[in-house]
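Note sheet for the following structure.
The values are calculated or read from the model by the stated rules, or taken from the named source; none is laboratory data. Nothing here was measured: the structure is a model prediction, and the numbers come from that model. Cβ coordinates were reconstructed from backbone atoms using ideal geometry, including for glycine residues, and neighbour counts include every protein chain displayed. Calculation scope for accessible area: heavy atoms of the full protein, side chains included, ligands and nucleic acids excluded. Shrake-Rupley method; radii C 1.70, N 1.55, O 1.52, S 1.80 Å.
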Amino acid sequence: MAAAISLENTHLRMRISPLGGALLSLESLPFAVPVLRPGEGKTPGDCGLFPMLPLANRVAGNRFWLSGQVVLLPDSRADAQFFLHGDGWLAEWDVTGLSDQCCTLQLRRRHACGFDYLATLDYRLNGPVLEIAVTLQHLGETPMLYGGGLHPFFHFTPQSRLQFCASGYWPEGPQHLPLVWQNHLPPQADFNAGSYGDDEWLNICYSGWGGQATILHPQMRVTLSAQPGWLMLFRQSGEPFVCLE
């Protein structure tokens, strides 16, 4: 396993692991506060952030239809029922670029179900901003359906407040799969006005997200900006993090 890579500027320090293409940690140097939950990468997901490729979350039945054919997704060593978050977060990535402020990783994967791709993951420090870019190129002859995203564990305590706008959500059902979309947000899932929420399990997807979320700490403000129109939120009772995927 390749050694972790450390990069920093006057604002941020991060540690990157080629195993899983993960960010082990990200911290604010002026405020001496973690931005992401720190981890050591000893087990999958023991980190501050990992990529979800070639799909995110779970697919019902671990299969889907494409062009009239059933695509049976691979087994996963991380989950007995689903190809959970794909396998990019479980694989060893190659370091293809490294500078004082940037690290670029690549992953080449093929699966019998039709996934055949080259993924590139770019972590870049730009002043007080961490910029992350993920690209995926399909190299197979037969078209294939892909998904993906990032799974960050943001540092979050009872003194923190989370705010983002959303118009509706998909509640969680059996096997952590979504139920029917609803246009009414219950109090424990409503962060439009900004709150800590309830210290309980929450694993839901929002629609109508404006592309920006803010976490307010006593010492600092953390802003997440992304392009997708959907936002996944995951939290566990008693854990000092909130995932905004």
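Applying 1/(1 + (r/R0)^6) with R0 = 30 Å to the Cβ-Cβ distance of ALA226 and GLU92 gives a FRET efficiency near 0.70. The slack in the chain from HIS138 to ALA2, taken as 0.36 nm per residue of separation less the alpha-carbon distance, amounts to 46.3 nm. Label separation (ARG110 vs VAL180): 4.5 nm, computed from points 7 Å beyond Cα along the C-beta direction.
In segment 1-140, if the dipole is taken from +1 on Lys/Arg beta carbons and -1 on Asp/Glu beta carbons about the Cα centre, which of GLN137, PRO74, MET52 is farthest to the positive end? About the Cα centre, the residue reaching furthest to the positive side is PRO74. For segment 28-85, a Kirkwood hydrodynamic radius built from all Cα pairs, placed in the Stokes-Einstein relation at 37 °C and 0.692 mPa s, yields a translational diffusion coefficient of 235 µm²/s. Within segment 57-162, the ratio Rg/Rh, alpha carbon atoms throughout and Rh by Kirkwood, equals 1.04.
Quick one: pull the percent of accessible area on segment 131-245 belonging to carbon and sulfur, 1.4 Å probe, ligands and nucleic acids left out.
Carbon and sulfur atoms account for 54 percent of the accessible area of segment 131-245.
Averaged over residues, the count of other Cβ atoms within 10 Å places the peptides 153-163, 93-103, 14-24 in the sequence 14-24, 153-163, 93-103, highest first. Packing, as the average of other Cβ atoms within 10 Å across residues, places the peptides 3-10, 164-171 in the order 164-171, 3-10, highest first. Here the spin labels are modelled as points 7 Å beyond Cα on the Cα-Cβ line, and at ALA78 and ASP190 they lie 3.4 nm apart. Once the convex hull of the alpha carbons of the chain is built, what does its volume come to per residue, in cubic angstrom? Given the Cα convex hull of the chain, per-residue volume reads 131 Å³.
Need the C-alpha centroid separation for segment 109-178 versus segment 45-65, integer Å. Computed from Cα coordinates, the inter-centre distance equals 8 Å.
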